[in-house]
Number of protein chains: 2
Amino acid sequence: MRTLEEHRAAVLSLVAPLAPVEVAVGSALGLVLAADVVAAVDLPGFDNSAMDGYAVRSAELAGAGPDHPVVLPVAGDVAAGDTTRHVLAPGQALRIMTGAPIPEGADAVVPVELTDGGATGVALHVAPSAGLSVRRRGEDVRTGDAVLSAGTRLGPGHLALAAAANVPRVVVHPRPRVAVVSTGDELVPPGSALEHGQIVDSNHVMLCALVEAAGAQVSGSAHLRDDARAVRALLDDLPGAPDLVLTTGGVSMGVYDTVKEVLAADGGVEFAKVAMRPGMPQGCGVVGPSRTPAVTLPGNPVSSFVSFHVFVLPALRRLAGLDPGADGAFDAVAEVAWPAAPGKVELTRVVERDGRVRPSGGQGSHVLGALSAATALAVVPAGVERVEPGDRLRCLPLLGQDRDRGR
Amino acid sequence: MRTLEEHRAAVLSLVAPLAPVEVAVGSALGLVLAADVVAAVDLPGFDNSAMDGYAVRSAELAGAGPDHPVVLPVAGDVAAGDTTRHVLAPGQALRIMTGAPIPEGADAVVPVELTDGGATGVALHVAPSAGLSVRRRGEDVRTGDAVLSAGTRLGPGHLALAAAANVPRVVVHPRPRVAVVSTGDELVPPGSALEHGQIVDSNHVMLCALVEAAGAQVSGSAHLRDDARAVRALLDDLPGAPDLVLTTGGVSMGVYDTVKEVLAADGGVEFAKVAMRPGMPQGCGVVGPSRTPAVTLPGNPVSSFVSFHVFVLPALRRLAGLDPGADGAFDAVAEVAWPAAPGKVELTRVVERDGRVRPSGGQGSHVLGALSAATALAVVPAGVERVEPGDRLRCLPLLGQDRDRGR
């Protein structure tokens, strides 16, 4: 029997960061930089006003104060976006807007609130120091600075900085493409009239949602009956040229475990029992003429969901250019006692609140109610047969299952 | 001058949860339920096997043990998805797969690992209790149970439960649609050759990314020059029939503040100074013949970014059917001292690590470097002029700016 870590390493050995592509900054949200972003301009790009006010020569206002303003003629306006090169003549002021270039000759801006706001002449009630309300060219960023480093997952603030630095395109790892294949004669789509022995295929909806929630995309999906020819045909023509194939079902010890039968014959996929609960029957390898990496998940929805978090998510992270290590894993304290599988890692579906966790309900591998109510997986090590209140456990957050319950 | 809370209340008063729509479970990831999901079937839908093994009458195996098996003829196979109603005759066993219906007459399943795995006859090495490896119909969910409650933001596990309960469509609040309008003569798209006084429009990219990261969608976007006619024309034909309009720029005290001029004349938008830093000049109201809710953000990128988190995000949450209260706000301890604006709420861009925060860099409202490096906003109350090490501060996480820096 493999350990969870051994199987995760086997899955990770199949994948590498996807070859970088160049995309527009407006399309890069959530993608991971494959190269540093280097500023193409200084930020600010020119000395500019931090306030709406009046550009002045500070020395000329040395004596000004609240009760004894200096009055200067206003020679004109400088707007943000004004591309004229204004010059401030001695003894004058120029009305200036926030962000507008500081005119040649000026060395300070008196905010409008400290003046009478005049349009042709202005009374200035303060003696500004040189540099008052002036943002200096390049004081934030200089041309050639690496403003974002490779490996950064791009959020809105990063994109703002890249855009402001006049970088229209960035080099990123593309979003991983995942084909989702559910198998099983007993499965029918949601909303079907169920015959005796049939169940609804919830894995298909769930895995597509997990792929999306992980920031990857579903390249294509299929449901197959337990039919070896259908499985073989799919391998020859994987839906949507995926970077990774996920299958569910057909990998246990049953005589109808077609996925296992076909992929084992194909030779590229290795099947293993993994010392974990739920999720023991696992497999991974490469499939089809394309030798595409594949992970075969158990057909049981709870096992499949848990296996996705511990094996597939790290693989998707590596493909996307991230550290595959557990994203957002945290420590929490058990609030109650619960039993764990002897000799296996137990992945308990728990609700976390203020650093404390308790099982979200029945832990049978068929119990979807407790799965849906959970916010995390508590990782109970293989040596522990019973969690006691106060035990500290490593926990993995569940994708898209926060505590947002509204109103 | 308004308080931050007063302005947030003004913004929130403009919006209500969007009218519910019905969507397929496969399209509902991240949306918020507007009605409970009621199970259409029992889960499990029938008594079924928890293991691959042999269905038996437990009483017939009373004497079995590791060294003295009971041997029974195998009368056939029961597969998952088999819609035949099998009956187990006395004195026989049926080979059964995980998830397959328990045959009439059987009351336990002996896992294949505890047998010799025979196909025509089987040696069973254990005396099972009645119910061993049997999952009972309805033990997880009963038809008519409300399995998910209104207000739940749908994650992969929720969708799996709805699908498994044979519910093909769910009633949700739709994704809010947001029009993004940046204004300013000085702004040019990323990658432009910059003339004197021009700057790159980073707000457009940033706000579109923030809208997406908040789970809403950009209905349309535009960049306008500081031209009253263009602003008026836009109001008459908002891009993409949005639920909310965001503008940036043109709302300060400058003489070229066209957005303010047009919207103030239109009468539906109220402008206010808000006691916060950055982000003082704010406005909100309704615009155009459609009376669409609108928030006018300052043109400064840092102010705009901060204002989005404190005013727009709560509005998007309410539109989406969520509690508008701060999502994921947390307490953290200041690691260092820093000054704060007297009489205003200071929203310091900070890096959070293990419950401690420090400013991410220069806090000038033009400093995008520090914005991009931040992971949260620390909310320094209006009465505090200096944060001291050890002070406990409320913090708001930044959308899409986690600490994922890879490799």
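The values are calculated or read from the model by the stated rules, or taken from the named source; none is laboratory data. Note that the structure is predicted; figures quoted are calculated from it, not measured. Here Cβ is always computed from backbone atoms with ideal geometry, including for glycine, and neighbour counts include all displayed protein chains. Just so you know, the surface numbers come from the protein's heavy atoms only, side chains and all, with ligands and any DNA or RNA stripped out. Shrake-Rupley method; radii C 1.70, N 1.55, O 1.52, S 1.80 Å.
Number of residues in segment A:142-168 that are touching a strand residue (DSSP E or B) at 6+ places or on another chain (Cβ under 6 Å) and closer than 19 Å to B:Asp402 by Cα: the value is 8. When each of B:Val295, B:Val302 is tested for being in contact with a helix residue (DSSP H, G or I) (Cβ under 6 Å, 6 or more places away or on another chain) and within 14 Å of chain A (Cβ to nearest Cβ), the lone residue that passes is B:Val302.
Among the residues of segment B:246-274, those identified as crowded, with 20+ Cβ neighbours inside 10 Å and in contact with a Gly (Cβ under 8 Å, 6 or more places away or on another chain) are B:Thr248, B:Gly249, B:Gly250, B:Val251, B:Ser252, B:Tyr256, B:Asp257, B:Thr258, B:Val259, B:Lys260, B:Leu263, B:Val269. Residue-level analysis places B:Val170 among those that are under 19 Å from the mean Cα position of the chain (by Cα) and either surrounded by 20 or more Cβ atoms within 10 Å (Cβ to Cβ) or more than 10 Å from every other protein chain (Cβ to nearest Cβ) (or both).
Within segment B:178-188, the residues that satisfy the criterion of being in a strand (DSSP E or B) and either touching a residue at least 24 places away in the same chain (Cβ under 8 Å) or hydroxyl-bearing (Ser, Thr, Tyr) (or both) are B:Val178, B:Ala179, B:Val180, B:Val181, B:Ser182, B:Thr183, B:Leu187. The condition of being without any contact (Cβ under 8 Å) to a residue 60 or more places away in the chain, away from chain A (no Cβ under 12 Å) and surrounded by fewer than 23 Cβ atoms within 10 Å (Cβ to Cβ) holds for only one of B:Leu194, B:Leu235, that being B:Leu235. Being under 52 Å from the mean Cα position of the chain (by Cα) and either closer than 18 Å to B:Glu186 by Cβ or among the β-branched types (Val, Ile, Thr) (or both) is a property that A:Val70 lacks. For B:Gly151, state whether it is assigned to a loop (DSSP other than H, G, I, E, B) and either open to solvent by less than 40 Å² (accessible area, probe 1.4 Å) or more than 7 Å from every other protein chain (Cβ to nearest Cβ) (or both). When the stated conditions are applied, B:Gly151 passes them.
Of everything in segment A:126-148, what is buried (at least 18 other Cβ atoms within 10 Å of the Cβ) and not aliphatic (A, V, I, L, M)? Give them in sequence order. Scanning segment A:126-148 gives A:Pro128, A:Ser133, A:Arg135, A:Asp140.
Each row is one residue, and each column tells you yes or no for (1) in the same structural domain as A:Val211 (by TED's automatic domain parsing); (2) closer than 23 Å to A:Ala209 by Cβ; (3) at pLDDT 90 or above; (4) among the hydroxyl-bearing types (Ser, Thr, Tyr).
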site	(1), (2), (3), (4)
A:Ala337	no, no, yes, no
A:Gly343	no, no, yes, no
A:Asp354	no, no, no, no
A:Gly362	no, yes, no, no
A:Ala378	no, yes, yes, no
A:Pro389	no, no, yes, no
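Right, A:Gly240: open to solvent by 10 Å² or more (accessible area, probe 1.4 Å), over 30 Å from A:Ala340 (Cα atoms), in contact (Cβ under 8 Å) with a residue 24 or more places away in the chain and away from chain B (no Cβ under 14 Å) or not? So A:Gly240 passes the test. Just give me the residues in segment A:327-365 being within 12 Å of chain B (Cβ to nearest Cβ), open to solvent by 40 Å² or more (accessible area, probe 1.4 Å) and assigned to a loop (DSSP other than H, G, I, E, B), in sequence order. Listed by number, the residues that qualify are A:Asp327, A:Gly328, A:Asp354, A:Gly362, A:Gln363.
In the set (1) of a type in the set (A, V, I, L, M, F, W, C); (2) within 24 Å of the chain's Cα centre (by Cα); (3) modelled with pLDDT under 95, A:Leu187 fails one condition alone, (2). The set of residues in segment B:97-111 being modelled with pLDDT of 95 or more and on the phi < 0 side of the Ramachandran plot consists of B:Ile102, B:Pro103, B:Glu104, B:Ala106, B:Asp107, B:Ala108, B:Val109, B:Val110, B:Pro111. Report, by residue number, each residue of segment A:366-392 that is assigned to a loop (DSSP other than H, G, I, E, B), surrounded by 15 or more Cβ atoms within 10 Å (Cβ to Cβ) and either over 27 Å from the mean Cα position of the chain (by Cα) or basic (Lys, Arg) (or both). A:His366, A:Val367, A:Ala382, A:Val384, A:Asp391, listed by residue number.
Against the condition part of a loop (DSSP other than H, G, I, E, B), open to solvent by 10 Å² or more (accessible area, probe 1.4 Å) and over 21 Å from B:Ala50 (Cβ atoms), how does B:Arg175 come out, does it pass? Spelling it out, B:Arg175 is indeed part of a loop (DSSP other than H, G, I, E, B), open to solvent by 10 Å² or more (accessible area, probe 1.4 Å) and over 21 Å from B:Ala50 (Cβ atoms). Can you spot a residue in segment B:129-137 that is closer than 25 Å to A:Gly184 by Cα, within 9 Å of chain A (Cβ to nearest Cβ) and either touching a strand residue (DSSP E or B) at 6+ places or on another chain (Cβ under 7 Å) or of a type outside the set (S, T, N, Q) (or both)? Within segment B:129-137, one or more residues are closer than 25 Å to A:Gly184 by Cα, within 9 Å of chain A (Cβ to nearest Cβ) and either touching a strand residue (DSSP E or B) at 6+ places or on another chain (Cβ under 7 Å) or of a type outside the set (S, T, N, Q) (or both). Scanning segment B:73-98 for residues that are open to solvent by less than 40 Å² (accessible area, probe 1.4 Å), within 13 Å of chain A (Cβ to nearest Cβ) and under 12 Å from B:Ala55 (Cα atoms) gives B:Val74, B:Gly76, B:Val78, B:Ala79, B:Leu94, B:Ile96, B:Met97. In segment A:24-47, the residue that is nearest to A:Leu132 (Cα to Cα) out of those that are more than 8 Å from chain B (Cβ to nearest Cβ) and in contact with a Pro (Cβ under 8 Å, 6 or more places away or on another chain) is A:Asp47.
Tallying residues that are more than 10 Å from chain A (Cβ to nearest Cβ) and buried (at least 17 other Cβ atoms within 10 Å of the Cβ) within segment B:13-22 yields 4.
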